[in-house]
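*Asks:* Have a look at the structure that comes next, please.
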Amino acid sequence: MIDGEAHRTTPRGGFMLYAYDSSVKQELELRKVRHFRSYFVFKRTFDIVFSILVLFFLLPAFAAISLCILISDGRPVFYRQKRIGRDGRVFDCLKFRTMRRDADRLLKELLDRNPVLLQEWRACQKLRDDPRIHPIGRFLRVSSLDELPQFVNVLKGEMSVVGPRPIVEDEMVRYGERINDYLLMKPGITGLWQVSGRNDTSYDQRVGLDVHYFQNRTTWLDLKIVWRTVGVFLFDHNGC
């Protein structure tokens, strides 16, 4: 044994470095910390700049959508739902309102009298052909325009442009032990699930995509997801 190092004999009688001394280990840890620090700085900077540009250039679209909702179904224009963010913090996730004002009552009535819809809701926390959605809301959902107000959440630091899908408290149990990975990230407007055919994935697959993103997140992966989101938004609404 050599001081500060461990070696083992190779089949040819030589030596192979088996472990690093403490100073090398500390340097590797520092590099890892610097890498993630620079990643988070870039990510936050990108979130702010990208969100400001989107809100500025799409301001006419915001006004048009708001007017359409007011005319077709009245107030409120925006829908706020409690979602779970990083470190378990609860925040109001913003969307354009796509459902009727009596949506909660209607959902309860539907699930009480239709076991097939109840099973679908328990499996996915959503209904593929949701009768609660008003006509303008259906278009907003298909086009994903209903999620534009979430750029305000990004500017407030509650969400990121890229990250896992924001979940409600009741969904946390479905993550099991993997909920810890989710809670270490900010939820995203887009993410791996949104560009991976979200309507055709099970809940377990959705969780798997969130965990995969957590374990492999890099600046390059974030940029790829944003680029793929643009393509999905324009050409394949099944994915986004």
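*Asks:* Take segment 175-192 and flag every residue that is touching a Ser or Thr at 6+ places or on another chain (Cβ under 8 Å) and surrounded by fewer than 22 Cβ atoms within 10 Å (Cβ to Cβ).
*Replies:* Correct list: M185 only.
*Asks:* I would also like to ask the following. Are there any pairs, at least 6 apart or on different chains, whose C-beta atoms fall under 6 Å, with the first in segment 207-224 and within 20 Å of N180 (Cβ to Cβ) and the second acidic (D, E) and part of a helix (DSSP H, G or I), and if so, which?
*Replies:* Final answer for the pair search is V211/D181; F214/D181.
*Asks:* Shifting gears a bit: What is the residue count in segment 87-138 for residues that are without any contact (Cβ under 8 Å) to a residue 40 or more places away in the chain and in a loop (DSSP other than H, G, I, E, B)?
*Replies:* Summing the residues that are without any contact (Cβ under 8 Å) to a residue 40 or more places away in the chain and in a loop (DSSP other than H, G, I, E, B) in segment 87-138 gives 10.
*Asks:* Test M159 against the stated conditions and say whether it is over 18 Å from F40 (Cα atoms), among the hydrophobic types (A, V, I, L, M, F, W, C) and at pLDDT 90 or above.
*Replies:* no
*Asks:* Here is a follow-up. Only one of these conditions is not met by R80: (1) touching a residue at least 24 places away in the same chain (Cβ under 8 Å); (2) of a type outside the set (S, T, N, Q); (3) surrounded by 12 or more Cβ atoms within 10 Å (Cβ to Cβ). Which number is it?
*Replies:* R80 satisfies every listed condition except (1).
*Asks:* Have a look at D47, D87, D112 and point out the one that is at pLDDT 75 or above, in contact with a helix residue (DSSP H, G or I) (Cβ under 7 Å, 6 or more places away or on another chain) and open to solvent by 90 Å² or more (accessible area, probe 1.4 Å).
*Replies:* None of the other options fit; the residue is D87.
*Asks:* If I ask for residues that are of a type in the set (A, V, I, L, M), open to solvent by 20 Å² or more (accessible area, probe 1.4 Å) and touching a strand residue (DSSP E or B) at 6+ places or on another chain (Cβ under 9 Å), which ones from segment 193-226 would you list?
*Replies:* L221, L223, V226
*Asks:* Kindly indicate the residue of segment 158-174 that is open to solvent by less than 30 Å² (accessible area, probe 1.4 Å) and touching a Phe, Trp or Tyr at 6+ places or on another chain (Cβ under 6 Å) and also farthest from L53 (Cα to Cα) among those meeting that condition.
*Replies:* P164
*Asks:* In the set F62, F46, which member is in a helix (DSSP H, G or I), among the aromatic types (F, W, Y) and over 17 Å from S143 (Cβ atoms)?
*Replies:* F46
*Asks:* If K95 satisfies every condition in (1) under 21 Å from R128 (Cβ atoms); (2) of a type outside the set (G, A, S); (3) open to solvent by 60 Å² or more (accessible area, probe 1.4 Å) but one, which is the exception?
*Replies:* Going through the list (1) under 21 Å from R128 (Cβ atoms); (2) of a type outside the set (G, A, S); (3) open to solvent by 60 Å² or more (accessible area, probe 1.4 Å), K95 breaks only (3).
The values are calculated or read from the model by the stated rules, or taken from the named source; none is laboratory data. Everything numeric here is computed off the predicted structure, so don't read it as measured data. Here Cβ is always computed from backbone atoms with ideal geometry, including for glycine, and neighbour counts include all displayed protein chains. Accessible surface areas use protein heavy atoms only, side chains included; no ligands, DNA or RNA. Shrake-Rupley method; radii C 1.70, N 1.55, O 1.52, S 1.80 Å.
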